[in-house]
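Some notes on the structure that comes next.
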Amino acid sequence: MTGIRWGSLATVVGGGVIFLVCLVGVALGHLWSAVPGAIGLLMAVREVRYLRRLRSGKISAREN
């Protein structure tokens, strides 16, 4: 695997940013913001797991 997968990088960074923003919302007392925060975190974790499986050769690259 060579190069940077920009779509995957954007997914991980975007999910992390959403999680952090929602974490601040939860800290300020907006408990409803935990739901989109959890979705953002799960999205980022899923993409990282996909990239690890791709790098190890357990799966082939998905087509666009």
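The values are calculated or read from the model by the stated rules, or taken from the named source; none is laboratory data. Everything numeric in this text was worked out from a predicted model, so none of it was measured. Reconstructed Cβ throughout: ideal geometry from the backbone, glycine too, with neighbour counts over all protein chains shown. These accessible areas exclude ligands, DNA and RNA; they are computed on the full protein's heavy atoms, side chains included. Shrake-Rupley method; radii C 1.70, N 1.55, O 1.52, S 1.80 Å.
Averaged per residue, what accessible surface does the chain expose to a 1.4 Å probe, in Å²? Let's see the in-between values first.
Values: 5120 Å² over 64 residues.
Value returned for the chain: 80 Å² of accessible area per residue.
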- Query: Once the Cα atoms of helix 6-27 and of the chain are each reduced to a long axis, what angle between those two axes, in degrees from 0 to 90 to the nearest 10, is obtained?
  - Reply: 20 degrees
- With at most 11 neighbouring Cβ atoms within 10 Å, loop trypsin sites (Lys or Arg not before Pro) (DSSP) excluded, longest segment of the chain: 1-57
- Could you tell me how many degrees, from 0 to 90 and to the nearest 10, lie between the Cα long axis of helix 34-56 and the main elongation axis, the longest principal axis, of the Cα atoms of the chain? 20 degrees
- What FRET efficiency would be calculated for the residue pair residue 17, residue 53, taking the C-beta separation as r and a Förster radius of 35 Å, to the nearest 0.05? 0.90
- Item | Paired Rg and Dmax values of the chain, which use every Cα atom, in angstrom | 14.4, 44
- Task: Kindly provide the helix-only [θ] at 222 nm of the chain, computed as the sum of -39,500 (n - 2.57) over DSSP H runs of four or more divided by all residues, to the nearest 500 deg cm²/dmol?
- Result: -24500 deg cm²/dmol
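Give me the percent of the accessible area of the chain that comes from carbon and sulfur atoms, probe 1.4 Å, all protein chains in place. Write out the running numbers ahead of the final one.
On the way: 3400 of 5120 Å².
C and S atoms contribute 66 percent here.
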